[in-house]
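Engineer: Got a structure for you, written out below as structure tokens; questions coming shortly.
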Amino acid sequence: MTENLTIPQHIAVIMDGNGRWAEARGKKRVQGHKEGVERARDVIQQCGKMGVKVLTLFAFSSENWKRPESEVSFLMNLFITALSREAKALNKNNVRLKVIGDVSRFDEKLQKTITKAEDLTADNSGLLLQIAANYGGQWDILNAVNTALSKREGSVADAPLTQQELEDNLITAGAVFPDLMIRTGGEHRISNFLLWQAAYSELYFADHLWPDFGVDALMEAINDFSRRQRRFGLTGEQVESKGTE
């Protein structure tokens, strides 16, 4: 039941624990990544049903290239397979897909698969699904600064960069910032994910490994979010006063 819940407009998820989930069951790490795709599908569907506007899933960080070559290769192939398989379903369910990150490092086949899936869903008006792939928050901020500066001309060329200029050039420009950031796997850090955008996100750390994080666990996180008072620099009394106006 969602009647009495405050539904976040934007949920961001660090999907951690696929490899550990598989190893705990005597399986290869890649089996955990396969199972993780299934959980992602469940969470996407539930967010769409609840009216969440944006869901951002951290699929592959810019630091993940350091993992064993065989695992990275599997992840790239899994990304291609999952995008190809899921694009039609996303389109049918009015989900708009956007891959955020430096996709230039991916091979041509994966880049074409990304473009095809994004183009197919580009006109959809429902949930915006952002898949962060080869993404890092520090890269995002630096890229936004350089892009903003490159657009300047005339008398403002040497003026200090404004906050609005930077935000307009983040890879997530146009999307509301995350209200709720979830990390699974028992770790308590955000690992270079949406560093600028998460300045006022509510953080929720779940002990579940990602393949075990189903709809019930998602609803637990949203229940926890609903109980929090978001002050954005105000006092609790000010927030309560505004709520009664």
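Engineer: Search region 17-53 for residues being assigned to a helix (DSSP H, G or I) and among the basic types (Lys, Arg), and hand back the single one that is surrounded by the fewest Cβ atoms within 10 Å (Cβ to Cβ).
Structural biologist: Selected residue: LYS49.
Engineer: While we're looking at this one, here's another question. Answer yes if at least one residue in region 47-64 is in contact (Cβ under 8 Å) with a residue 24 or more places away in the chain, touching a Cys at 6+ places or on another chain (Cβ under 8 Å) and among the hydrophobic types (A, V, I, L, M, F, W, C), and no otherwise.
Structural biologist: So far as region 47-64 goes, yes, one or more of its residues are in contact (Cβ under 8 Å) with a residue 24 or more places away in the chain, touching a Cys at 6+ places or on another chain (Cβ under 8 Å) and among the hydrophobic types (A, V, I, L, M, F, W, C).
Engineer: Separate question: Just the residues that are within 21 Å of ARG230 (Cβ to Cβ) and among the charged types (D, E, K, R), please, taken from region 156-177.
Structural biologist: Hit for region 156-177 is GLU167, nothing else.
Engineer: Anything in region 189-208 that is closer than 19 Å to GLN130 by Cα, assigned to a loop (DSSP other than H, G, I, E, B), in contact with a strand residue (DSSP E or B) (Cβ under 8 Å, 6 or more places away or on another chain) and of a type in the set (A, V, I, L, M, F, W, C)? List them, or say none.
Structural biologist: Those that are closer than 19 Å to GLN130 by Cα, assigned to a loop (DSSP other than H, G, I, E, B), in contact with a strand residue (DSSP E or B) (Cβ under 8 Å, 6 or more places away or on another chain) and of a type in the set (A, V, I, L, M, F, W, C): ILE190, PHE193, LEU194, ALA198.
Results for (1) at pLDDT below 95; (2) of a type in the set (Asp, Glu), shown as yes or no for each residue.
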{"site": "THR2", "(1), (2)": "yes, no"}
{"site": "PRO8", "(1), (2)": "no, no"}
{"site": "ARG25", "(1), (2)": "no, no"}
{"site": "GLU38", "(1), (2)": "no, yes"}
{"site": "ARG41", "(1), (2)": "no, no"}
{"site": "GLN45", "(1), (2)": "no, no"}
{"site": "MET50", "(1), (2)": "no, no"}
{"site": "VAL54", "(1), (2)": "no, no"}
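Engineer: Taking region 66-111 only, how many residues are more than 20 Å from the chain's Cα centre (by Cα), free of Cβ contacts under 8 Å to residues at least 40 places away in the same chain and under 25 Å from LEU194 (Cβ atoms)?
Structural biologist: Qualifying residue count for the region: 2.
Engineer: Within region 49-60, is even one residue more than 16 Å from the chain's Cα centre (by Cα) and over 27 Å from HIS188 (Cα atoms)?
Structural biologist: Yes: one or more hits.
Let's see how each residue does on (1) at pLDDT 95 or above; (2) among the small types (Gly, Ala, Ser):
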| site | (1), (2) |
| --- | --- |
| ALA122 | yes, yes |
| GLN138 | yes, no |
| GLY154 | no, yes |
| PRO160 | no, no |
| GLU167 | yes, no |
| MET181 | yes, no |
| GLU187 | yes, no |
| LEU195 | yes, no |
| LEU203 | yes, no |
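Engineer: Identify, from the list GLY186, GLY136, GLY174, GLY101, the residue that is surrounded by fewer than 19 Cβ atoms within 10 Å (Cβ to Cβ), touching a strand residue (DSSP E or B) at 6+ places or on another chain (Cβ under 8 Å) and not basic (Lys, Arg).
Structural biologist: So the residue among GLY186, GLY136, GLY174, GLY101 that is surrounded by fewer than 19 Cβ atoms within 10 Å (Cβ to Cβ), touching a strand residue (DSSP E or B) at 6+ places or on another chain (Cβ under 8 Å) and not basic (Lys, Arg) is GLY186.
Engineer: Could you count how many residues in region 1-16 are in contact (Cβ under 8 Å) with a residue 24 or more places away in the chain and surrounded by fewer than 21 Cβ atoms within 10 Å (Cβ to Cβ)?
Structural biologist: Qualifying residue count, region 1-16: 6.
Engineer: Taking the residues in region 209-236 that are in a loop (DSSP other than H, G, I, E, B) and under 18 Å from the mean Cα position of the chain (by Cα) as candidates, determine which candidate is surrounded by the fewest Cβ atoms within 10 Å (Cβ to Cβ).
Structural biologist: GLY214
The values are calculated or read from the model by the stated rules, or taken from the named source; none is laboratory data. Every value quoted in this text rests on a predicted model; they were computed, and no experiment measured them. Every residue, glycine among them, receives a Cβ derived from its backbone with ideal geometry; neighbour counts consider all protein chains shown.
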